[in-house]
Every structure is written in C-alpha cells, then in structure tokens.
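Asks: Below you will find the structure I want to go over with you.
Every number in this text was worked out from the coordinates using simple rules, so none of it is lab data. None of these values were measured; they are calculated from a predicted model. Because the Cβ atoms are built from the backbone with ideal geometry, glycine has one as well, and the counts that use them run over all protein chains shown.
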Amino acid sequence: MVQKAKILLVDDRPENLLALEAILSALDQTLVRASSGEEALKALLTDDFAVILLDVQMPGMDGFETAAHIKRRERTRDIPIIFLTAINHGPHHTFRGYAAGAVDYISKPFDPWVLRAKVSVFVELYMKNCQLKEQAEALSKQLDDESADAAAVATAAHLERKLTGLRRALDALEPGSGGGSPLPSPN
C-alpha cells in the first residue's frame, strides 16, 4: 500500500487555502491546512511533510519568521518550502525568501499548472526518499540478522571445540586408556 505524502498549506486567508486545495487536489495527496505560522509549527511537531506552501505576509509570525523556525529544527530543516506572496518588492524580497530557506518564491497570481507541477516534483522526491529509507532499514536488519547468525555459528563452533576437548580429557582420565590414574571411587 502506497502511503500518501502530506503537503502543508499555510495562509491566513481561508479563500487562499481553499484555492490551493482546489489546485493541488489532483495530486491525490493529504493536504493539511494551517492558518498561521504558529499553527504550521504545531503541525510540524507531529507530522512529516513532503513540501510546505507558505504565505509570506501573515499577521503575527510572517512567512520568513516561520521558515526560520522550520529551518532551525533538526527534524524539519530539510522540508522544501515554496513561498507564495501577493507582494512583490523586487529582487531584495525574493532574495530574502531564498535566504530564509525557500526552494522557490512564487508571486500571486500564479499559474496553477506550474504550481501543481512544482509541488508534484517535491512529492515524488519525498516518496523516493521514504522508499530509500525503508530499503536501507530492511538491508540493515538483514545484515544484523546475518551477523547474528554468523555469531551463533561461531559460538556453536567454539562450544563444539570445547566439548571435544572435554571429551578427550575425560577419555584420558578413564581407566585402561593409558592416560593417567583412575579417579578414586566415591566410596
């Protein structure tokens, strides 16, 4: 069964979240809404996301500050962030988005087909990464199992050698074997 990727949509305006859901629903992934930077950070505490679509201009914690918090956390620093913004203050603003850790900076209004295609690429990369992690874990478990089997075989061989040595020592102690004096009888 193929697990669906989660996509975090962060915007303080419900109509923008609805529009993003309409655009991205064709990807057939799990879309998670957050209406503030704080809400987005809470969602990131419990879930893993393939990509985050983050509005720049929000009351309270703006998109740049939210991204800075995301990038500071070990668990979330590698999640790709696509900034979406209605404000365009030139190259300085765009640079600030990339400096905050964004993989892309898109001005509204944007082409829905292009946005869906970009998000699709990050979802596919996320799925491949999950698949690689699963394969690495399975290989590691297999190597551990083989290592445990090899250790068990080595231990059994070691015990067999000890047992053979003990048998020889016992044989040497038996009367008539010429290996030494018989053991005194317990009586």
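Asks: Rounded to the nearest 0.05, what FRET efficiency do H69 and W113 have when you use their Cβ-Cβ distance and R0 = 35 Å?
Replies: On the way: r = 31 Å, r/R0 = 0.88.
For R0 = 35 Å, the calculated efficiency reads 0.70.
Asks: Could you grab the Rg to Rh ratio for the range 1-138? Cα atoms only, Kirkwood for Rh.
Replies: 0.96
Asks: Can you give me the distance in nm between label points at F95 and V121, each placed 7 Å from the Cα along the Cα-to-Cβ direction?
Replies: The two pseudo-label positions are separated by 2.4 nm.
Asks: Work out the length of the dipole vector of the range 6-130 about its Cα centre, built from +1 on the beta-carbon of each Lys and Arg and -1 on the beta-carbon of each Asp and Glu, and round it to the nearest 20 debye. Each step should come with its number before you reach the end.
Replies: Working: 14 positive and 17 negative charges, 63 e Å.
Computed about the Cα centre, the dipole is about 300 debye.
Asks: Another question, if that's okay. Which is the longest run of the chain containing none of the trypsin sites (Lys or Arg not before Pro) found in DSSP loop states (not H, G, I, E, B) with at most 15 other C-beta atoms within 10 Å?
Replies: No qualifying site falls inside 78-187, the longest such stretch.
Asks: Still on this structure, please answer the following. Treat the count of other C-beta atoms within 10 Å as a stand-in for reagent exposure and order L8, L45, L125 from fewest to most.
Replies: With the fewest neighbours first, L8, L45, L125 line up as L45, L125, L8.
Asks: Pop a pseudo-label 7 angstrom from the Cα along the beta-carbon direction at both R33 and Q131 and give the gap in nm to one decimal.
Replies: 3.3 nm
Asks: So which GluC sites (Glu not before Pro) in the range 1-107 end up in coil per DSSP with only 13 or fewer other C-beta atoms within 10 Å?
Replies: Counting only loop positions with at most 13 other Cβ atoms within 10 Å, the GluC sites (Glu not before Pro) in the range 1-107 are E74.
Asks: Got the relative contact order for the range 55-163 handy, in percent, Cα pairs under 8 Å and 6 or more residues apart?
Replies: Over the range 55-163, the number comes to 19 percent.
Asks: Could you work out the relative contact order of the chain? I mean the mean sequence separation of Cα pairs under 8 Å and 6+ apart, divided by the number of residues, in percent.
Replies: Taking the mean separation of contacting Cα pairs over the length of the chain, I get 16 percent.
Asks: Pull out the extension gain between D78 and A156, defined as 0.36 nm times the separation in residues minus the alpha carbon to alpha carbon distance; nm, one decimal.
Replies: 23.4 nm
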